[in-house]
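Inspection log for the structure reproduced underneath, given as structure tokens.
The values are calculated or read from the model by the stated rules, or taken from the named source; none is laboratory data. For clarity, every value in this text was computed on a predicted model and none was experimentally measured. We place every Cβ from the backbone using ideal geometry, glycine too, and count neighbours over all the protein chains shown. Surface accessibility is based on the protein's heavy atoms, side chains included, excluding ligands, DNA and RNA. Shrake-Rupley method; radii C 1.70, N 1.55, O 1.52, S 1.80 Å.
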Amino acid sequence: MTAIKDSFFSDIKSVNSLNDLSGLKVKYLGKKGVLTSEMKSLSSLPADERPSYGKKINDLKTLIEAEIDRLESGLKNSEMKQQLLSESLDITLPGKYTPFGAEHPINRTLTEIVDIFVKMGFSIEEGPEVELDYYNFEALNFPKNHPARDMQDTFFVGDNTVLRTHTSPVQVRGMEKRRPPVRFIAPGKVYRCDADMTHTPLFHQVEGLMVDRHVTFSNLKGILVTFLHQMFGPETPVRFRPSFFPFTEPSAEVDIGCIFCKGAGCRVCKGSGWLEILGAGMVNPRVFEYVEYDTEEFAGFAFGMGVERIAMLKYSIDDIRLFFENDIRFLRQF
Ligand code: PHE
């Protein structure tokens, strides 16, 4: 009996898991276990020895059962702790960084321009970037084979198709769709075969058109001065210079007083004190003829500006190519 007890207590030293423990349980308490066969052997003892020997076996059984229960709850506890530890989340780990974008300075400037005109009652018109020669030139009074077409370095797509060189074709498309009064702006991408510090083959323009009875050059002036004062500040000087475009007559080039030197003359304004900002003029009656507007009854003005140029001035950027290089260090600054 003592031998069984000793062997049990030596066995439990190597019990490290619930699995080990159930092996031990089988070995001592199972159907073919040590204590069970000891019980069976009782019958071979003389009758008078049976009660006391039986009691010894039962006492040992009680002891072993208690010891196994004790071990079992200890092991369950530590195995649970182990599991909790291995499944725990390390909430001190820094989160995954997702960089998020920002509005491109060109889009930002474009939105700013559009918002000012929308507040003045202009709606927004769009047209295709791959454009028919008819809309890009013909209906804008650029005669075929006329040198005026060379003012703009055109990308040709086919015999009668070009990448639009300006947003002015949208004037014609917009007028074809409706009768006066007409008042819209047309923002969008335009293309010219040109590349240097101030030119990229793709750039953005915002066109403007207003047609109604009694529209005069004074209206044009009023709208553009209001726009320029909102864009560059209410004190900004504005000047109109005579110019030429086939689709406007008379035509003007509109300048603002240099925002860098305040008119004193600097590198940006090339010493003149003025910065050229947009082209404008009264719609040439020839254009109205193409869209069948009555030239006796209606008059209109149109204007067009380059968005990159305005953004370059607003943000003091001297190389236009920076806008299109996708250098995050440049773009982050806006
Ligand atoms: N389309 C002209 C250009 O790209 C600008 C312009 C628009 C001029 C409307 C007059 C009227 O240079």
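Just one of the listed residues (175, 210) is closer than 18 Å to residue 125 by Cα, open to solvent by 10 Å² or more (accessible area, probe 1.4 Å), within 14 Å of the ligand (Cβ to nearest atom) and modelled with pLDDT of 95 or more, namely 210.
Can you work out which of the residues in region 197-207 that are away from the ligand (no atom under 11 Å from the Cβ) and in contact (Cβ under 8 Å) with a residue 60 or more places away in the chain is surrounded by the fewest Cβ atoms within 10 Å (Cβ to Cβ)? Residue satisfying both the conditions and the ranking: 197. Quick check, is residue 325 surrounded by fewer than 19 Cβ atoms within 10 Å (Cβ to Cβ), in the same structural domain as residue 225 (by TED's automatic domain parsing) and at pLDDT 95 or above? Judged against the criteria, residue 325 is not a match.
Conditions (1) farther than 15 Å from residue 188 by Cα; (2) at pLDDT 95 or above; (3) surrounded by 14 or more Cβ atoms within 10 Å (Cβ to Cβ), marked per residue:
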{"residue": "113", "(1), (2), (3)": "no, yes, yes"}
{"residue": "116", "(1), (2), (3)": "yes, yes, yes"}
{"residue": "121", "(1), (2), (3)": "yes, yes, no"}
{"residue": "140", "(1), (2), (3)": "yes, yes, yes"}
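A quick yes/no check of all residues on (1) within 21 Å of residue 204 (Cα to Cα); (2) aliphatic (A, V, I, L, M); (3) not assigned by TED's automatic domain parsing to the domain that holds residue 207:
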site: 99; (1), (2), (3): no, no, yes
site: 110; (1), (2), (3): yes, yes, no
site: 116; (1), (2), (3): yes, yes, no
site: 122; (1), (2), (3): yes, no, no
site: 137; (1), (2), (3): yes, no, no
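Checking the conditions here, which among 145, 160, 107 is modelled with pLDDT under 90 and open to solvent by 60 Å² or more (accessible area, probe 1.4 Å)? It is 145. Restricting region 213-236 to residues that are open to solvent by 30 Å² or more (accessible area, probe 1.4 Å) and among the small types (Gly, Ala, Ser) leaves a set whose member that is farthest from residue 299 (Cα to Cα) is 222.
Residue 194 meets all of the listed conditions (1) part of a strand (DSSP E or B); (2) within 14 Å of the ligand (Cβ to nearest atom) but one, namely (1). I'd like the full set of residues that are open to solvent by 40 Å² or more (accessible area, probe 1.4 Å) and closer than 30 Å to residue 146 by Cα, limited to region 246-287. 249, 250, 276, 285, 286, listed by residue number. Residue 333 meets each of the listed conditions (1) open to solvent by 80 Å² or more (accessible area, probe 1.4 Å); (2) in contact (Cβ under 8 Å) with a residue 60 or more places away in the chain; (3) closer than 27 Å to residue 107 by Cα apart from (2).
Looking at this structure, is residue 184 away from the ligand (no atom under 11 Å from the Cβ), among the aromatic types (Phe, Trp, Tyr), assigned by TED's automatic domain parsing to the domain that holds residue 141 and part of a strand (DSSP E or B)? Taking the combined requirement at face value, the residue satisfies it. With respect to the conditions (1) touching a Gly at 6+ places or on another chain (Cβ under 8 Å); (2) crowded, with 17+ Cβ neighbours inside 10 Å, residue 310 lacks only one, and its number is (1).
Does residue 239 meet the test of being away from the ligand (no atom under 12 Å from the Cβ) and either in contact (Cβ under 8 Å) with a residue 24 or more places away in the chain or open to solvent by 50 Å² or more (accessible area, probe 1.4 Å) (or both)? Spelling it out, residue 239 is indeed away from the ligand (no atom under 12 Å from the Cβ) and either in contact (Cβ under 8 Å) with a residue 24 or more places away in the chain or open to solvent by 50 Å² or more (accessible area, probe 1.4 Å) (or both). As for region 20-37, it holds at least one residue that is open to solvent by 50 Å² or more (accessible area, probe 1.4 Å) and under 60 Å from the mean Cα position of the chain (by Cα).
Per the listing 232, 227, 203, the residue uniquely aromatic (Phe, Trp, Tyr) and more than 19 Å from residue 118 (Cα to Cα) is 203.
Residues of region 284-319 that are within 40 Å of the chain's Cα centre (by Cα) and among the acidic types (Asp, Glu): 308, 318, 319.
Checking the condition modelled with pLDDT of 85 or more and exposed (fewer than 10 other Cβ atoms within 10 Å of the Cβ), which residue from 86, 78 passes?
Values: 78 fails: exposed (fewer than 10 other Cβ atoms within 10 Å of the Cβ).
Sole residue among the options that is modelled with pLDDT of 85 or more and exposed (fewer than 10 other Cβ atoms within 10 Å of the Cβ): 86.
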